[in-house]
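Some notes on the structure that comes next.
The values are calculated or read from the model by the stated rules, or taken from the named source; none is laboratory data. From a predicted model like this one, the values you see are computed outputs, not experimental measurements. Every residue, glycine among them, receives a Cβ derived from its backbone with ideal geometry; neighbour counts consider all protein chains shown.
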Amino acid sequence: SFKLNEQTSLEDTISDYIHETDNAYLENMHREGEWAKKKLIHLNLNNKLILDLGSGLGFFLRNIYEELPEDCLYIAVDRDLNKLLFLKD
């Protein structure tokens with residue numbers, strides 16, 4: 001099961017990733033996320049399914065979450081179950 005210390009470890013992983021990753025790369029990732037968000041806003045996602053392969057720690061989902069309609073099903077897929085459980089919380 002997903003334990004509190006594993007959740008804390010993943011939170012630390014996000015923080016470490018941000019601090020250790022090149023700023024230009026992070027800025028590019030942010031721009032790409034904003035671009036995807038703008039594209040999604042123009043789509044009718046009501047009663048639709050989004051499949052996010054390799055969800056990781058959920059950077060994409062965190063960027064678009066507020067834009068998703070209530071009846072849109074978002075499926076996050078990752079090989080690391082703890083990351084998925086962290087994302088779910």
For the list (1) surrounded by 10 or more Cβ atoms within 10 Å (Cβ to Cβ); (2) hydroxyl-bearing (Ser, Thr, Tyr); (3) at pLDDT below 90, I need the number of the one condition that residue 74 fails.
(3)
Under the condition of being more than 17 Å from residue 75 (Cα to Cα) and surrounded by 10 or more Cβ atoms within 10 Å (Cβ to Cβ), which residue from region 40-54 is modelled with the highest pLDDT?
43
Selection from region 8-33 of residues surrounded by 12 or more Cβ atoms within 10 Å (Cβ to Cβ) and modelled with pLDDT of 85 or more yields 26, 29, 30, 32, 33
